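One structure is given here, and the rest of the page talks about it.
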Amino acid sequence: MTEAVTDATTPALRFSPTAWAKLLFLRDYGDTEVGGFGIAASDDLLFVEDIQLVKQVCSWAHVAFDDESVADFFDRQVDAERRPEQFARIWVHTHPGDCPRPSMTDEETFRRVFGRADWAVMFILACEGQSYARLRFNVGPCAEVEIPVSVDYSRPFDASEPDVWEQEYLANIHAEQPTRGMASTLGPVLNSPFDEEPTDAWYESWFDYAAEEEEAEEVVP
């Protein structure tokens, strides 16, 4: 994690102590990458209050989200009265190795999946504690910049819940099958999105839905 002194004009990605503890737990529970979404505070979109997982197929070097699970996650967030910028802009994932720099696959995913958002953050936490965060603006004079990362103790935070975090991990993380021939002996898992060309249909339809919701909010007096 990068500890940096910033002034009021410098953006920085900050985690609550609880969110950071949960992320460390999820990173260290298994041997694969783990991915999820950062849940941001309504009044501070770069302050991560929680990390939420969705069903995914993982390997040492890849994370592939299940489309239906992501759509369900988005619906739950809307039902909780969160705005899209609170739950669909900060992509969080771990690297089992000691390098937090994004891979070519990470770069392609960030461009393809989050390229339609007005802004987005890619955050990576490596096994030895090193981290990487990049903020990208996709509107106006498009730009992107690496930003510092820190744990913010200045706001109230919840206690750790390792038992709950373990259940969330076990319910959502599915290691990619080593070979198809062994699949019957290892039990059922999600069909791996690696078997097909990625479409990210859930994101295409979600952006259309989110745009309609935002337009509706703008016309409400």
Point to revise | Amide H partners (placed H, <5 Å) of Asp66, local residues excluded | key: Lys55, Gln56, Val57
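If a/c stays under 1.5 just call it rounded; otherwise compare a/b with b/c (prolate if a/b is bigger, oblate if not). Do that for the stretch 4-135, with a ≥ b ≥ c from the square roots of the Cα gyration tensor eigenvalues. Could you put the intermediate results ahead of the total?
Details: a/c = 1.38, a/b = 1.07, b/c = 1.29.
Since a/c stays below 1.5, the shape of the stretch 4-135 is classed as rounded.
Rounded if a/c is under 1.5, else prolate if a/b is larger than b/c, else oblate: which is the stretch 30-83, with a ≥ b ≥ c the root eigenvalues of its Cα gyration tensor?
Numbers: a/c = 3.54, a/b = 1.57, b/c = 2.26.
Because a/c hits 1.5 or more and a/b fails to exceed b/c, the stretch 30-83 counts as oblate.
Each value in this text was obtained by applying a stated rule to the coordinates, not by laboratory testing. Only a predicted model underlies this, so the values are computations on that prediction, with no experimental measurement involved.
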